[in-house]
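Quick notes on the structure that follows.
Derivation of every value follows stated rules applied to the coordinates shown; laboratory data play no part. All of these numbers come straight from a predicted model, not from anything done at the bench. Glycine also receives a Cβ, built like all others from the backbone with ideal geometry; neighbour counts cover every protein chain displayed.
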Amino acid sequence: MIDLHAVLKSLASKRPIFHSEADFQLALGMEIERQHPHAEVRLEYKPFPGERVHLDMWVHHDGRWLAIELKYKARAVSVDWRGERFELVGQGAQDLSGYDVWKDVTRVERICGEFEHTDGYVVLLSNDDSIWRRVSATDASVGAWSICVWNPLLGLACWRRNDEVSRDAPDSRQLV
């Protein structure tokens with residue numbers, strides 16, 4: 001069995017920063033294969049033929065599957081690390097970031113429910129603490145999609161306007 005926490009910890013000691021989500025995805029896949037040479041790692045896997053659903057990482061090892069979705073949300077920073085320059089652009093829009101994470105959770109839950117012997121993970125890597133920081137109850141745009149530990153998403157979540165649930169907002173982004 002692959003201990004994803006141990007793999008991520010090992011990767012973090014080698015690569016504390018990435019240029020992009022794709023860079024993170026590739027490095028994580030390589031680290032899994034380095035630690036588990038018999039693991040089969042697939043990137044951008046389509047678990048449901050005919051659907052436009054892509055999974056960031058699909059890993060097979062010792063008769064089990066791992067469904068992994070990755071998010072890399074950055075705050076603007078310029079860093080030199082071991083002679084390599086990293087220029088991260090701030091992404092902002094914490095409501096969209098939170099929504100994207102919850103959408104990935106929903107996708108991974110579906111995959112785990114439809115495939116036997118499958119464990120699922122959603123990994124969020126960010127240098128922007130506003131993504132996981134508890135939001136104010138008055139912040140109507142972020143509140144429903146917050147990913148802080150004090151805000152578990154249960155049931156229906158929608159964009160809100162003026163502190164009211166809006167079911168007619170453009171692209172209402174409901175997960176259920």
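Quick notes on this one:
- Around the amide H of Val122, modelled in the peptide plane, lie the amide H atoms of Glu69, all under 5 Å away and 5 or more residues distant in sequence or on another chain.
- Cα-based Rg and Dmax for the stretch 1-100, where Dmax is the largest Cα-Cα distance (Å): 15.2, 44
- 3J(HN,Hα) couplings calculated from phi for the stretch 28-43 with the Karplus curve 6.51 cos²θ - 1.76 cosθ + 1.60 (θ = phi - 60°) are, in sequence order, 5, x, 5, 5, 4, 5, 5, 7, 10, x, 8, 6, 10, 10, 10, 9 Hz; Gly and Pro show x.
- Rounded FRET efficiency, nearest 0.05, which uses the C-beta distance separating Ser13 from Arg75 and R0 of 22 Å: 0.50
- Peptides 115-125, 1-11 ordered by packing proxy, namely the average of other Cβ atoms within 10 Å per residue, highest first: 115-125, 1-11.
- Residues whose placed amide H lies under 5 Å from that of Tyr72, excluding near-sequence neighbours: Leu125
- In Hz, Karplus ³J(HN,Hα) per residue of the stretch 9-22 (6.51, -1.76, 1.60; θ = phi - 60°; x = Gly, Pro): 5, 5, 4, 4, 6, 9, 9, x, 8, 9, 6, 6, 4, 5
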